[in-house]
Amino acid sequence: MTSPPALAYAFSRVAYSIHPDDLGSLLPSEPPYRASQLRRWLYVTPVLDPEDMTNLPAAVRREIRLWPFTVVADQVGDGGTTRKWLFEADDGAQYEAVLMGYPRRTTLCISSQAGCALGCTFCATGQFGFERHLDAGEIVAQVAHAQAFLRQIGLPGSPDRLTNIVFMGMGEPLANYNRVREAIRRMIDEMEMSPRSITVSTVGMVPGIRRLSDEGWPVNLAISLHAADDELRSRLVPINRRYPISLLEEAAKEYAAKTGRRVSIEWTVMDGVNDTAEQARLLADIARRIRAHVNLIALNPTPLSTEKAPTKRAMDRFVRILRDLDVNVTVRDTRGRDIDAACGQLRAGRGRPQPVSIG
């Protein structure tokens, strides 16, 4: 009696690394509707374990290679409301994502690069250096992983779905434009997320801001400014030497005009560096000119950084000056200090840790 032919699958390739329209190439022995089922599991109702894709044949579930990474560190902070993952790709590249839960929202901070080449002085990612760009599948898989985690495990007292995605993790999103664009497209078209729930943060890649404004998506733009004059900003954020504040302001105004979305300014407050009254007044001028909201966050110091967090008195004074000058300002909640949640800190601090289980 002849043995039945072995089923042919192509799961040596990672499912998230395949364009959604091409998922059928992973299932050459299956009817076409299996690709549609797989697509839904990947993007609409993601799961942590392929065995939970219950309407796929057992043989397919056993062969699926779901994630383009291994979770090599999984840390919990803030009484369980903050979760940070360190991912490692097959080539050893490491990158991070942080999930933060609040009573009415859950926010995921994702990475677009392994490392960063822009060298901002106070950022752990920049201090660690640049490895490579993440591809679209590696970016969107961070979102799917968090969605699956929320659906199956969850954070205490928070919604069981993502409400906000922020490109504020490792890397400069607009330096990896085409891959980030495809990841955003999948979030909107495949994962059915509102573009208004997605925020792209940039340190000032002016050409990328202009390209993003032409995409037709009303995604939010956050500019990591950190200093309000070119001399100080060029020291803290070296890309300012190429795209100074005047060019950044022009691009921000164009973005707001084309998308209808108000731009926000991110400002990491550092003791004795950018927490002065003069910096506050200059920042207020910029914020009023581009009609931006200002988000302040006290520095989460990194092991290699000489900068320190501001005193409460200095932070309060900074906020008061901005508000007195009619600037809308929010002091952001500092999350994850107990689990090295500043971008790149977990990766820099742990080196190459051994895989751990999730959940």
Quick check on this structure: which one of L56, L48 is in a loop (DSSP other than H, G, I, E, B) and farther than 13 Å from A141 by Cα? L56
Which of the residues spanning segment 172-204 are of a type in the set (V, I, T), in contact (Cβ under 8 Å) with a residue 60 or more places away in the chain and under 12 Å from A136 (Cβ atoms)? V180
Scope segment 309-332; condition open to solvent by less than 30 Å² (accessible area, probe 1.4 Å), among the aliphatic types (A, V, I, L, M) and not in a helix (DSSP H, G or I); matching residues: V327, V329
Per the list (1) touching a helix residue (DSSP H, G or I) at 6+ places or on another chain (Cβ under 7 Å); (2) open to solvent by 50 Å² or more (accessible area, probe 1.4 Å); (3) of a type outside the set (A, V, I, L, M); (4) part of a helix (DSSP H, G or I), residue check on R235 breaks on (1)
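Working carefully through the options D74, D49, D78, find the one that is on the phi > 0 side of the Ramachandran plot and not aliphatic (A, V, I, L, M).
Result of the check over D74, D49, D78: D78.
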With respect to T306, is the statement that it is open to solvent by 30 Å² or more (accessible area, probe 1.4 Å) and assigned to a loop (DSSP other than H, G, I, E, B) true? yes
Single residue of S264, S246, S234 found to be hydroxyl-bearing (S, T, Y) and in contact (Cβ under 8 Å) with a residue 24 or more places away in the chain: S264
Scan of segment 18-44 for residues that are farther than 11 Å from E190 by Cα and touching a Phe, Trp or Tyr at 6+ places or on another chain (Cβ under 9 Å), ordered by number: L26, L27, P28, S29, E30
Just one of the numbered conditions (1) assigned to a loop (DSSP other than H, G, I, E, B); (2) within 12 Å of M170 (Cα to Cα); (3) modelled with pLDDT of 95 or more is not true of P68; which one? (2)
Identity of the residue in segment 116-169, of a type in the set (A, V, I, L, M) and over 23 Å from A183 (Cα atoms), that ends up most open to solvent (accessible area, probe 1.4 Å): I153
Output yes when any residue across segment 167-181 is more than 15 Å from the chain's Cα centre (by Cα) and over 24 Å from Q94 (Cα atoms), and no when none is. no
Return a yes/no flag: does segment 80-93 have any residue that is free of Cβ contacts under 8 Å to residues at least 60 places away in the same chain, in contact with a strand residue (DSSP E or B) (Cβ under 6 Å, 6 or more places away or on another chain) and part of a loop (DSSP other than H, G, I, E, B). yes
Regarding R288, is this residue open to solvent by 40 Å² or more (accessible area, probe 1.4 Å), in a helix (DSSP H, G or I) and under 18 Å from R233 (Cα atoms)? no
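Any residue at all in segment 209-225 that's of a type in the set (V, I, T), open to solvent by 10 Å² or more (accessible area, probe 1.4 Å), more than 22 Å from T125 (Cα to Cα) and not in a helix (DSSP H, G or I)?
no
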Just give me the residues in segment 265-285 being over 21 Å from L247 (Cβ atoms), among the aliphatic types (A, V, I, L, M) and not in a loop (DSSP other than H, G, I, E, B), in sequence order. V269, A277, A280
Taking the condition crowded, with 19+ Cβ neighbours inside 10 Å and touching a helix residue (DSSP H, G or I) at 6+ places or on another chain (Cβ under 6 Å), does A89 pass? no
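Anything in segment 276-285 that is crowded, with 18+ Cβ neighbours inside 10 Å and hydrophobic (A, V, I, L, M, F, W, C)? List them, or say none.
Within segment 276-285, A280, L283, A284 qualify.
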Could you count how many residues in segment 25-79 are in contact with a Gly (Cβ under 7 Å, 6 or more places away or on another chain) and open to solvent by 40 Å² or more (accessible area, probe 1.4 Å)? 2
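The values are calculated or read from the model by the stated rules, or taken from the named source; none is laboratory data. Because the structure is predicted, anything quoted here is derived from the model rather than measured. Please note: Cβ atoms are built from the backbone with ideal geometry, for glycine as well, and neighbour counts cover all protein chains shown. Please note that ligands, DNA and RNA were not included when accessible areas were found on the heavy atoms of the full protein model with its side chains. Shrake-Rupley method; radii C 1.70, N 1.55, O 1.52, S 1.80 Å.
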